[in-house]
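Structure first, commentary second.
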Amino acid sequence: MRRVKPVKLTPASFRAYGHVISTRRGRPLAKNTEIIYWGKVSLLEMGKTVSTGVLFGHERKAIVKSLERHTSTPEVLVALEGDSAICFGKPSLGDGQIQGIKAFYIAQGEAIAMHPGTGIGRRSRSIGKSASS
């Protein structure tokens, strides 16, 4: 077993795993009394059909026994409610050992787009109240 201490989510700390989706990246393309819009925050190659899903995590022990990965497509996670600590492995398209395992704090309202092949611990730990990702 290996201990992995979660680190703060920043564009630099998450670069090897994907992109942080944030309004803090440059000036908005449109800003008026009705909207503020940032475009091309993250560019994803996804093919023709894209599906979405909602996952609610519950507070539990901080133990991750395995990671899953989507080898053909990126994956986007948005923390709708609550904060989580989520474990990731660097992108790999093979069946070998996952390298570069790192945990990140994902705060409510933060979003990420993972590179294809990035490992993610589905048994990630919610912190405090129930969290969505």
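The values are calculated or read from the model by the stated rules, or taken from the named source; none is laboratory data. Just so you know, these numbers come straight off a predicted model, no measurement behind them. We place every Cβ from the backbone using ideal geometry, glycine too, and count neighbours over all the protein chains shown.
When K40, K5, K31 are checked against the criterion of being out of contact with any Phe, Trp or Tyr (no Cβ under 9 Å at 6 or more places or on another chain) and at pLDDT below 85, K40 stands alone in meeting it. Residue count for segment 6-48 satisfying the condition of being more than 19 Å from A85 (Cβ to Cβ), assigned to a loop (DSSP other than H, G, I, E, B) and hydrophobic (A, V, I, L, M, F, W, C): 7. What are the residues in segment 1-17 that are touching a Lys or Arg at 6+ places or on another chain (Cβ under 8 Å) and either among the hydrophobic types (A, V, I, L, M, F, W, C) or free of Cβ contacts under 8 Å to residues at least 40 places away in the same chain (or both), if any? Correct list: V4, V7, P11, A16. Looking only at residues of segment 43-63 that are over 16 Å from the mean Cα position of the chain (by Cα) and surrounded by 10 or more Cβ atoms within 10 Å (Cβ to Cβ), we find that the one that is modelled with the highest pLDDT is I63. If you scan segment 91-122, which residues turn out to be surrounded by 14 or more Cβ atoms within 10 Å (Cβ to Cβ) and either on the phi > 0 side of the Ramachandran plot or without any contact (Cβ under 8 Å) to a residue 40 or more places away in the chain (or both)? Of everything in segment 91-122, those that are surrounded by 14 or more Cβ atoms within 10 Å (Cβ to Cβ) and either on the phi > 0 side of the Ramachandran plot or without any contact (Cβ under 8 Å) to a residue 40 or more places away in the chain (or both) turn out to be S92, I98, Q108, G117.
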